[in-house]
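The values are calculated or read from the model by the stated rules, or taken from the named source; none is laboratory data. Values in this document were obtained by computation on a predicted structure and should not be read as measured data. For neighbour counting, all protein chains shown are included, and Cβ atoms are generated from backbone atoms with ideal geometry for every residue, glycine included.
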Amino acid sequence: MPDDGRARRRAGTGLGLVLALVCAAVLLTALPHHDREGSGACAQRTVRSWAADTGLNAEFTRYGDEGTRADDWTGGDGTHSVRLPDGRVLWLFSDTYLGQVHGPPNPLGEWYSWREASAPLVRNSAVVMAPSGRLESTLPAPLFPDPAPNQWRWPVAARVEPRSPGSSEQVLRVLLWTRTAGVYPWIYGVPTATEVATLSLPDLRVEGIVRILGQERVPDPSRRVLFGTTAAVDGDWTYVFGGDDARAAARPVSHAYVARVPRGRLDQPAAWQYWDGSAWTSRPYPGAVLGDGQGAGVGSAFTVVSDAGTYVLFTMAAGTRGLTTVTSYWACAPTGPWHGPTRGFAPPLPQGEVAAYNPQAHPELDGDRLVLSYDVNWLDPSGAAANLSRNVSLYRPRFVTLRLTRG
């Protein structure tokens, strides 16, 4: 639906999780959930048609522009979502602007809503959507505190699961990426660790955060793997996908990896098993399931959901088309082999030097539709802060509805 050190200050540019991936031309992925053409054995899936989801786009514009409180969400990226047992949907974001929105017009006379250049920027946030589909409130932000000086947490996939296997009590588990400030080419953070936060239900209180897999001992940061870009439940297992940041080191493509965890044990490091290229193992030395180092692969953020025996993977296309075009792969198992890329499509983008990134599927949303979001940001980091302030729509997710077909 839909990719590194920290080059910006906390109140600075507002470049979030996946702009890092875009500016490095990182590939990002997402997988659909339901069989839109009917059930059947595993077979190739491609995009038959797509259209802008005007309802969701308008709702995020309404909420972001409301700006009556200084601690509300007005823009963010790294878009993920999870449906809660009471019907609400929790939207998780990485770098997030808070504060108030003004206009239009902005001080330059342009017909855009705008925010003050001094608007607060936090590393993560969560926005609650009512069962009706109306965005209601922003939880106190940042929801997940920095683990240490010069480190921060970006939330990725989230799942509701039993507190422990067989338990009748449910909790929300949120996977987190810890990153550490670095220098070029790690201008958006050096990959550091995968963590899991446990939140109580229904009040969404953070109970604790557990480190699952540290990466500090991997000397080459481009080979460090962070898990949690997405999580797909299949039977008694939760499959957790991850990626490396190879593109930050100017390699052609990045790679996808997969782990699995018994349901109810996402917060238990010893319960995790990693695919090493031929078998599941408790040793955290995963083997890539997608990525040939040339023209096929993913980045460190993508979404995976099984679809009636077929896995369909949406990703930003390789090369310069990766700033505008979504393409896809398919497989019959999370471990592959993956086939593709297949035919792509170019979602709508606003005018200016902007890029699309981080396509993410949202199967939590009701209706017979596959909703895919993608984030939008200013392409040149040096001009991002000013442009994101003068036009707040540049740093918000956009949504499309897809229909899939066989072959």
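How many residues, within region 139-167, are under 14 Å from Arg263 (Cβ atoms) and not small (Gly, Ala, Ser)?
Summing the residues that are under 14 Å from Arg263 (Cβ atoms) and not small (Gly, Ala, Ser) in region 139-167 gives 6.
Would you mind telling me which numbered condition in (1) at pLDDT below 90; (2) over 30 Å from Ser382 (Cα atoms) Leu323 fails?
Here Leu323 meets the rest and fails (2).
Select, from Leu143, Leu92, the only residue that is assigned to a strand (DSSP E or B), modelled with pLDDT of 95 or more and surrounded by 17 or more Cβ atoms within 10 Å (Cβ to Cβ).
Working: Leu143 fails: assigned to a strand (DSSP E or B).
Leu92 is the lone residue from the list that is assigned to a strand (DSSP E or B), modelled with pLDDT of 95 or more and surrounded by 17 or more Cβ atoms within 10 Å (Cβ to Cβ).
For Pro155, are the conditions met, namely being outside any strand (DSSP E or B) and within 19 Å of Gly189 (Cα to Cα)?
Values: outside any strand (DSSP E or B): no; within 19 Å of Gly189 (Cα to Cα): yes.
Considered against the rule, which asks whether it is outside any strand (DSSP E or B) and within 19 Å of Gly189 (Cα to Cα), Pro155 comes out as no.
Quick check: is even one residue across region 382-391 within 17 Å of the chain's Cα centre (by Cα), surrounded by fewer than 23 Cβ atoms within 10 Å (Cβ to Cβ) and either assigned to a strand (DSSP E or B) or hydrophobic (A, V, I, L, M, F, W, C) (or both)? Walk me through it before giving the result.
First, the residues of region 382-391 that are within 17 Å of the chain's Cα centre (by Cα): none.
Among the residues of region 382-391, not one is within 17 Å of the chain's Cα centre (by Cα), surrounded by fewer than 23 Cβ atoms within 10 Å (Cβ to Cβ) and either assigned to a strand (DSSP E or B) or hydrophobic (A, V, I, L, M, F, W, C) (or both), which makes the answer no.
Would you be able to say whether some residue in region 368-378 is touching a strand residue (DSSP E or B) at 6+ places or on another chain (Cβ under 6 Å) and among the acidic types (Asp, Glu)?
yes
Is it true that some residue in region 189-201 is outside any strand (DSSP E or B), modelled with pLDDT of 95 or more and surrounded by fewer than 18 Cβ atoms within 10 Å (Cβ to Cβ)?
Yes: region 189-201 contains one or more residues that are outside any strand (DSSP E or B), modelled with pLDDT of 95 or more and surrounded by fewer than 18 Cβ atoms within 10 Å (Cβ to Cβ).
For every residue, the table says whether it meets (1) touching a Pro at 6+ places or on another chain (Cβ under 8 Å); (2) closer than 27 Å to Tyr239 by Cβ; (3) among the hydroxyl-bearing types (Ser, Thr, Tyr).
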position	(1), (2), (3)
Ala130	no, no, no
Ser137	no, no, yes
Pro142	no, no, no
Arg159	no, yes, no
Ser164	no, yes, yes
Leu172	no, yes, no
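Being of a type in the set (Asp, Glu) and either surrounded by 14 or more Cβ atoms within 10 Å (Cβ to Cβ) or in contact with a strand residue (DSSP E or B) (Cβ under 7 Å, 6 or more places away or on another chain) (or both) is the filter here, so list the residues in region 254-293 that pass it.
Applying the first criterion (of a type in the set (Asp, Glu)) to region 254-293 yields 267, 276, 292.
Listed by number, the residues that qualify are Asp267, Asp276.
Would you pick out the residues in region 51-66 that are within 14 Å of Ser113 (Cα to Cα) and among the charged types (D, E, K, R)?
Arg62, Asp65, Glu66
Could you list, in sequence order, all residues of region 114-140 that are buried (at least 20 other Cβ atoms within 10 Å of the Cβ) and part of a loop (DSSP other than H, G, I, E, B)?
Ala119, Arg123, Asn124
Can you say whether Ala317 is hydrophobic (A, V, I, L, M, F, W, C) and either under 23 Å from Pro155 (Cβ atoms) or surrounded by fewer than 18 Cβ atoms within 10 Å (Cβ to Cβ) (or both), as far as the supplied structure shows? Full working, then the answer.
Details: hydrophobic (A, V, I, L, M, F, W, C): yes; either under 23 Å from Pro155 (Cβ atoms) or surrounded by fewer than 18 Cβ atoms within 10 Å (Cβ to Cβ) (or both): no.
Against the criterion (hydrophobic (A, V, I, L, M, F, W, C) and either under 23 Å from Pro155 (Cβ atoms) or surrounded by fewer than 18 Cβ atoms within 10 Å (Cβ to Cβ) (or both)), Ala317 does not qualify.
Give the residue that is surrounded by the most Cβ atoms within 10 Å (Cβ to Cβ), with candidates limited to residues of region 217-247 that are in a loop (DSSP other than H, G, I, E, B) and among the β-branched types (Val, Ile, Thr).
Pass one, region 217-247, residues in a loop (DSSP other than H, G, I, E, B): 217-220, 224-225, 235-236, 244-245.
Still in the running and among the β-branched types (Val, Ile, Thr): 218, 225.
Values: Val218: 14, Val225: 23.
Per the stated criteria, the residue is Val225.
Tell me the residue from Leu135, Leu108 that is farther than 25 Å from Glu195 by Cα, touching a helix residue (DSSP H, G or I) at 6+ places or on another chain (Cβ under 7 Å) and modelled with pLDDT of 95 or more, please. Reasoning before the result, please.
On the way: Leu108 fails: modelled with pLDDT of 95 or more.
Only one candidate passes the filter, namely Leu135.
Among the residues of region 57-94, which ones are more than 18 Å from Leu370 (Cα to Cα), of a type in the set (Val, Ile, Thr) and in contact with a Leu (Cβ under 8 Å, 6 or more places away or on another chain)?
Thr74
Residue under question is Gly166, and the condition is that it be assigned to a loop (DSSP other than H, G, I, E, B) and loosely packed, with under 14 Cβ neighbours inside 10 Å; does it hold? Even if it seems obvious, please write down each step before you answer.
Details: assigned to a loop (DSSP other than H, G, I, E, B): yes; loosely packed, with under 14 Cβ neighbours inside 10 Å: yes.
Spelling it out, Gly166 is indeed assigned to a loop (DSSP other than H, G, I, E, B) and loosely packed, with under 14 Cβ neighbours inside 10 Å.
Can you pull out the residues in region 228-258 that are modelled with pLDDT under 90, of a type in the set (Ser, Thr, Tyr) and either closer than 19 Å to Gly277 by Cα or in contact with a helix residue (DSSP H, G or I) (Cβ under 9 Å, 6 or more places away or on another chain) (or both)?
Residue satisfying the conditions is Ser254 alone.
Within the set of pairs 6+ apart or on separate chains, which have a first residue in region 320-345 that is on the phi > 0 side of the Ramachandran plot, a second that is not β-branched (Val, Ile, Thr), and C-beta atoms under 7 Å apart?
Going by the 7 Å Cβ cut-off, the qualifying pairs are Gly336/Leu290; Gly340/Ser328; Gly340/Tyr329; Gly340/Trp330.
From Pro337, Pro341, Pro348, Pro359, which residue is part of a loop (DSSP other than H, G, I, E, B) and within 19 Å of Asp53 (Cα to Cα)? Let's see the steps before the verdict.
Details: Pro337 fails: within 19 Å of Asp53 (Cα to Cα); Pro341 fails: within 19 Å of Asp53 (Cα to Cα); Pro359 fails: part of a loop (DSSP other than H, G, I, E, B).
Exactly one residue qualifies, and that residue is Pro348.
Based on what the data block shows, is Val128 within 19 Å of the chain's Cα centre (by Cα), over 30 Å from Gly322 (Cα atoms) and either at pLDDT below 90 or of a type outside the set (Asp, Glu) (or both)?
Details: within 19 Å of the chain's Cα centre (by Cα): yes; over 30 Å from Gly322 (Cα atoms): yes; either at pLDDT below 90 or of a type outside the set (Asp, Glu) (or both): yes.
Criteria met by Val128.
For Val261, which of the numbered conditions (1) hydrophobic (A, V, I, L, M, F, W, C); (2) in contact with a helix residue (DSSP H, G or I) (Cβ under 7 Å, 6 or more places away or on another chain); (3) farther than 26 Å from Tyr395 by Cβ; (4) at pLDDT below 90 fails to hold?
Tallying (1) hydrophobic (A, V, I, L, M, F, W, C); (2) in contact with a helix residue (DSSP H, G or I) (Cβ under 7 Å, 6 or more places away or on another chain); (3) farther than 26 Å from Tyr395 by Cβ; (4) at pLDDT below 90, Val261 fails exactly one: (4).
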